[in-house]
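**Student:** Can you keep this structure in mind? I'll have questions shortly.
Read-outs throughout are calculated quantities, based only on the coordinates presented, and are distinct from any laboratory measurement. A quick note: this is a predicted structure, and the numbers were derived from the prediction, not measured. Glycine gets a Cβ as well: all are built from the backbone with ideal geometry, and neighbour counts include every protein chain shown.
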Amino acid sequence: MGRKPIAGFPLAIVALAGCADSTDRPPADASDAPHEAAEAGDAEPREIVPPTVSEPEFVVPSAGLPAEVRLQRANNNLAVAEHDGRTYLAFRTAPTHFASAETVLYVVSTLDGTNWDLETSVALGTDLREPQLLSLGGDLFFYFAVLGTDPLGFDPQGMRVCRRLGPGEWTAPEAIYEPTFIPWRIRTIDGAVYLTGYTGGENIYEPGGDPIAIHFLTTTDGLHWEPVVPGRPVVLTGGGSETDFAFLADGSLVAVVRNEAGDESGFGSKICRARPEALADWECVHDPRKYDSPLVFRQGDDVWLVGRRHLAGDGSYDLGYDDLTLEEQYREYQLAYWRAPKRCSLWWVDPEALAVRFVLDLPSRGDTCLPDAIETEGRAVVYNYTSPLDGPDLDWMDGQIGPTSIYRVTLDFAE
């Protein structure tokens, strides 16, 4: 132990994953078995009625895409929204999952769910990720994050926004909010708009760096973002980054936070809540599983999560190597995580116990899981990406350098 952590970890791990001396601990035992929460504290047993799941319909690629859309090998980061009677889909296409100067973001729209029209495309000669769409006050806004071109690094360069002026006509990308801010999830709830995102993302792959700060914001015009609680834009600091939330009927908040960088609480995720009168005061419980790319929503009284599932051992990302330094734990956990297959899964969240329970897997394998959804009462149409479903069950490392496609499924909670 005591080895120096690897700089530029994401691709360095590809070369090291097969090295016999990369760790002196036993490898994780791959398993596809469902598991229960460890440290998040399981709720009292109760029957969870899973939704029915439709067969997947592939959208990217598909015959319904316009000829102007030039797809590359990897089609992944995505967002969906309804606006003025049409469904809009934003997505990233690039040579691989990793940062590339060849990355293009497309926005397409449809009336019938099959035939798509090109709305706009953005290519800036650098990597682009985390698209978001917002319908507000008769306007449609398209947000995304700008990053660098080094496939070994994570170089946040802030959020950009474009506004739709008409069919196929959008404003040029405009930089807004803080210079290194990464938007994660935009939600409209009871007429109010909310955005979760983070600064300090350059430290995700540099453990021991400055803490990452999660921001909780709102807007009335789509361009100027302010704290939900005046004067308190940051609701959490530490290793957390990707964050999504849902409001309960009493106005309190429940959130799921990916904690990949790790902090004094451990590694994996944080399951958090805040009282309606104190929405900037988040109380969190550690969960050793890492629910990458969390999508959180409510149906009735139930809170649901769509996030990545790790098919090794009991599914934990945090393997409990507490005798190691934070940097050493990070290296060991990343190596183990990259070696195992993944799923994109539906989970149930207990807002009282702050516990997460596995429910079912969506169609997925290899490199998968950055979902978004169009939600209505009793139903959620989930868009997601995956490695080929009829191909080998790749580990996550191999999946990220292979082809990926985007599909949708309908989750019916009313049956």
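**Student:** Counting alpha carbon pairs within less than 8 Å and at least 6 residues apart, what relative contact order, in whole percent, applies to segment 226-292?
**Tutor:** On the way: 141 pairs, mean separation 19.5, N = 67.
The normalised contact order for segment 226-292 reaches 29 percent.
**Student:** Residues of segment 123-149 with the amide nitrogen closer than 15 Å to a label point 7 Å from the Cα of A172, along Cα-to-Cβ, please.
**Tutor:** 123-125, by backbone N distance to the label point.
**Student:** Using amide H atoms built in the peptide plane, which far-off residues or other-chain residues are under 5 Å from G378 H to H?
**Tutor:** Amide H neighbours of G378: G300.
**Student:** Provide the gained length on full extension for the span D250 to S121, in nm with one decimal, where the gain is 0.36 nm per separating residue minus the Cα-Cα distance.
**Tutor:** Residue separation times 0.36 nm, minus the Cα-Cα distance, leaves 42.4 nm.
**Student:** Also, I was wondering about something else. Give the relative contact order (percent, whole number) for segment 187-361; include only Cα pairs under 8 Å separated by 6+ residues. Please report the intermediate quantities before stating the final value.
**Tutor:** Working: 402 pairs, mean separation 26.6, N = 175.
Answer for segment 187-361 is 15 percent.
**Student:** For the chain, what's the relative contact order in percent, using C-alpha pairs closer than 8 Å and at least 6 residues apart?
**Tutor:** Computed value for the chain: 18 percent relative contact order.
**Student:** Would you calculate a helix-derived [θ] at 222 nm for the chain, using -39,500 (n - 2.57) for each DSSP H run of n ≥ 4 and dividing by the full residue count, to the nearest 500?
**Tutor:** -1500 deg cm²/dmol
**Student:** Through the Karplus equation 6.51 cos²θ - 1.76 cosθ + 1.60, θ set to phi - 60°, convert the phi angles of segment 192-205 into ³J(HN,Hα) values in whole Hz; use x for Gly and Pro.
**Tutor:** Coupling constants for segment 192-205: 9, 9, 10, 9, 10, x, 8, 10, x, x, 5, 9, 4, 9 Hz.
**Student:** Of the listed values (1) -0.39; (2) -0.29; (3) -0.48, identify the label whose number matches log10 I(q)/I(0) by the Debye sum over Cα atoms at q = 0.07 Å⁻¹ calculated from this model.
**Tutor:** (2)
**Student:** Among 159-170, 309-320, how do they line up by average Cβ neighbours within 10 Å per residue, starting with the highest?
**Tutor:** 309-320, 159-170
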